[in-house]
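Asks: The structure under discussion is supplied below as structure tokens; questions concerning it will follow.
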Amino acid sequence: MRRLIIALTALFVMSYVQAAQVDTVLVNSRSMQKDIKTVVIIPDVAAEKPCPVIYLLHGHGNDYSGWIRVKPNLPQIADEKGIIFICPDGERSWYWDSPLNKNVRYETFISSELIAYVDSHYKTIARREGRAITGLSMGGHGAMWNAIRHSDVFGAAGSTSGGVDIRPFPKNWDMSKQLGEEAENQSVWDAHTVINLVPSMKKGQLAMIIDCGYGDFFLEVNKNFHEALLKQGIDHDFLLRPGEHNSTYWNNSIDYQILFFQKYFQKNGINQ
């Protein structure tokens with residue numbers, strides 16, 4: 001019995017020690033001439049073989065640490081599923097390259113500079129079939145914005161409680177600082193909202209999952225986004241569940257999105 005207890009204790013210690021590696025790194029952005037703080041979560045298996053990557057974008061008023069606080073067990077999920085998670089800081093940028101501010105180039109950072117850094121520093125599956133991107137709120141818009149415009153980089157995309165049409169909210173969340181006041185810059189706002197990218201999309205361009213809570217103030221724009229995708233003939237998962245625009249909802253919703261991405265990876269012959 002004593003030997004059994006010792007063996008079980010040793011096994012527990014080994015499993016604890018072999019937890020996913022969580023670091024905060026500085027990723028240089030040449031386009032913005034500064035370093036961007038980024039949380040990276042690397043599963044143990046990445047030491048042995050390349051792993052797929054899910055990029056997680058935070059919401060407005062949050063930062064690079066937002067997702068690890070929303071979902072504290074991301075390291076355990078990384079180890080269980082053999083997935084690398086990357087959580088960059090996006091400030092309050094909405095993940096655009098701002099037409100007003102030359103020092104705001106978060107689309108370039110997310111879809112080019114960050115990808116290059118991650119693929120050169122970690123053992124990744126460095127092709128679109130091994131990359132997914134999603135985010136919450138502002139990050140949901142950012143994930144869709146980057147994925148649709150750079151579907152050569154990302155193979156799958158998600159949005160949870162995403163602000164997928166910015167135009168009903170012209171006075172909110174610092175958007176006018178990046179685009180100018182909506183009343184005087186309607187064409188710019190039209191050109192920088194995700195829902196207006198849908199007519200340019202092709203069937204099979206991306207694997208897509210969208211969700212929103214019944215009590216969320218972004219509910220209607222998500223329904224409209226869903227309808228626009230249907231009209232365009234774009235396959236996607238669309239989930240509506242009880243919940244509001246808060247971390248309780250996102251802690252639950254991201255599980256479904258990770259499962260969706262895991263199935264996408266497996267469909268493309270990527271076995272975690």
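Asks: Here's a check for you: in region 39-65, which residue that is closer than 16 Å to Ile115 by Cβ, of a type outside the set (A, V, I, L, M) and crowded, with 22+ Cβ neighbours inside 10 Å is nearest to the chain's Cα centre (by Cα)?
Replies: This residue is Tyr55.
Asks: Quick one: in region 158-194, of everything that is β-branched (Val, Ile, Thr) and in a loop (DSSP other than H, G, I, E, B), which residue is nearest to Glu244 (Cα to Cα)?
Replies: Val164
Asks: Going through region 126-145 one residue at a time, which ones are in a helix (DSSP H, G or I) and either within 18 Å of Trp173 (Cβ to Cβ) or within 10 Å of the chain's Cα centre (by Cα) (or both)?
Replies: Scanning region 126-145 gives Met138, Gly139, Gly140, His141, Gly142, Ala143, Met144, Trp145.
Asks: Might you check whether a residue that is hydrophobic (A, V, I, L, M, F, W, C), over 16 Å from the mean Cα position of the chain (by Cα) and not in a helix (DSSP H, G or I) occurs anywhere in region 80-94?
Replies: no
Asks: What about Ile110, is it farther than 30 Å from Gly215 by Cβ and either in contact with a Pro (Cβ under 9 Å, 6 or more places away or on another chain) or assigned to a helix (DSSP H, G or I) (or both)?
Replies: For Ile110, the condition - farther than 30 Å from Gly215 by Cβ and either in contact with a Pro (Cβ under 9 Å, 6 or more places away or on another chain) or assigned to a helix (DSSP H, G or I) (or both) - is not met.
Asks: I'd like the full set of residues that are among the hydrophobic types (A, V, I, L, M, F, W, C) and either at pLDDT below 95 or in a helix (DSSP H, G or I) (or both), limited to region 225-272.
Replies: Residues satisfying the conditions are Phe225, Ala228, Leu229, Leu230, Trp250, Ile254, Ile258, Leu259, Phe260, Phe261, Phe265, Ile270.
Asks: Sticking with this structure for a sec: His245 versus (1) over 20 Å from the mean Cα position of the chain (by Cα); (2) closer than 14 Å to Tyr214 by Cα: which is the lone unmet condition?
Replies: (1)
The values are calculated or read from the model by the stated rules, or taken from the named source; none is laboratory data. All figures in this text were calculated on a predicted structure; none of them were measured in a lab. Cβ sites come from the backbone with ideal geometry, for glycine too, and all protein chains shown count toward neighbours.
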